[in-house]
Amino acid sequence: NNVYEVVGLTKVYENKKVANEEISFSVAQGEVVGVLGPNGAGKSTLIKQMVGHVSPTAGEIRLFGVDVVKRADLIPQYVGYYAQRPAALDALTGYEAIYCTGRLRGMSRAAAKRETDRLIEQLDLGEVRKREIRKMSGGQQRMVGFATVLIGELPVLILDEPTNELDPERRRQLWDLLAEKNRREGTTILLVTHNVLEAEQVVDKVAVIDHGKLLAYDTVRKLKQQV
Ligand code: ADP
Ligand code: ADP
């Protein structure tokens, strides 16, 4: 029942920088995994390979048993990925961005509309419903981007530093929503964060990355016992 299986994943960029070295781990259905480590450790590189945005130099990535190094095109059917604001959606309004993403994921017009309204309500985005993304504040863009990840009930969500630029109340809202989604839909979630406190409240397991290597992969409780 593994969602992801990563084996010996290695990424060497064109400038010879070894960003990931022999990383192996698996993520089970319904787990919430935090990816922790200092700046430049290789967290984004790992995530970008898992969502098919960066191709591995060596190693394997299986998603629901499918070799997605060969078939990266299949990844978006299963995985919602959010890193920065969705630049491609810049000219759309908040409503349009969320609705269109739902439609792209195969929702009917009625379902996409219903779900968009619900997310706007739930994430308190009424103010930017009719505002173009490029005219929103950084925090508003993040929240809309976040809504585009949530629409469509994808089985896996991968979020790279989702709470950057958010005030404490928005952060809490976001963590609550993720926790609820995990509980209700069994959504498997990976999130990059260097806020250990936040991570501790949401995640089941932590992958600690440093200098491109996976130093530890265990539950928060077990990791604390080792310190
Ligand atoms: P993190 O997300 O942990 O901050 P990254 O995965 O972004 O780390 O980067 C890991 C290392 O790889 C860093 O030294 C970074 O400068 C380097 N790096 C990232 N992307 C590239 C790239 N496209 N080309 C060359 N080096 C890169
Ligand atoms: P992120 O951590 O989200 O990748 P960064 O600001 O580290 O954001 O990097 C922005 C872009 O520049 C990314 O596409 C990354 O792959 C690339 N990049 C990062 N470090 C380097 C580097 N040393 N050489 C070349 N490209 C890099």
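The values are calculated or read from the model by the stated rules, or taken from the named source; none is laboratory data. Keep in mind it's a predicted model, so treat the numbers as computed, not measured. Reconstructed Cβ throughout: ideal geometry from the backbone, glycine too, with neighbour counts over all protein chains shown. In case anyone asks, the SASA skips ligands and DNA or RNA and just uses the protein heavy atoms, side chains included. Shrake-Rupley method; radii C 1.70, N 1.55, O 1.52, S 1.80 Å.
Key figures
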item: Partners for LYS16 among lysines (Cα-Cα distance below 30 Å; same-chain residues under 8 apart left out); result: LYS43, LYS48, LYS70, LYS213
item: Region 109-138: trypsin sites (Lys or Arg not before Pro) in DSSP loop, at most 12 other beta carbons within 10 Å; result: LYS130
item: 19 Å Cα-Cα reach of LYS130 towards lysines, excluding residues that sit fewer than 8 places from it in its own chain; result: LYS113
item: Contact order normalised by residue count of the chain, Cα under 8 Å, 6+ apart, percent; result: 28 percent
item: Sparsely packed chymotrypsin sites (Phe, Trp or Tyr not before Pro) within region 9-64, loop by DSSP, other Cβ within 10 Å at most 14; result: TYR13
item: Carbon and sulfur %, accessible surface of the chain computed with the full protein complex present, 1.4 Å; result: 48 percent
item: Sparsely packed trypsin sites (Lys or Arg not before Pro) within region 1-94, loop by DSSP, other Cβ within 10 Å at most 13; result: LYS16, LYS17, LYS70, ARG71
item: Structure-based [θ]222 nm, the chain - -39500 (n - 2.57) summed over DSSP H runs of at least 4, per residue, nearest 500; result: -10500 deg cm²/dmol
item: For region 201-207, Karplus couplings with θ = phi - 60° (6.51, -1.76, 1.60), whole Hz, Gly/Pro x; result: 6, 10, 8, 7, 10, 10, 9
item: Region 3-25 and region 177-227: distance between their alpha carbon centers, rounded to Å; result: 19 Å
item: Potential extension, LYS224-GLU169 segment - 0.36 nm per residue separation minus Cα distance; result: 17.1 nm
item: Candidate aspartates and glutamates for bridging to LYS11, where Cα separation is under 12 Å - those fewer than 8 sequence places away on the same chain excluded; result: GLU21, GLU22, GLU60
item: Cα gyration tensor category, rounded, prolate or oblate, for region 92-137 with a/c compared to 1.5; result: oblate
item: Computed FRET value (nearest 0.05) for ASN15 with LYS113, which takes r as the C-beta separation and R₀ as 45 Å; result: 0.45
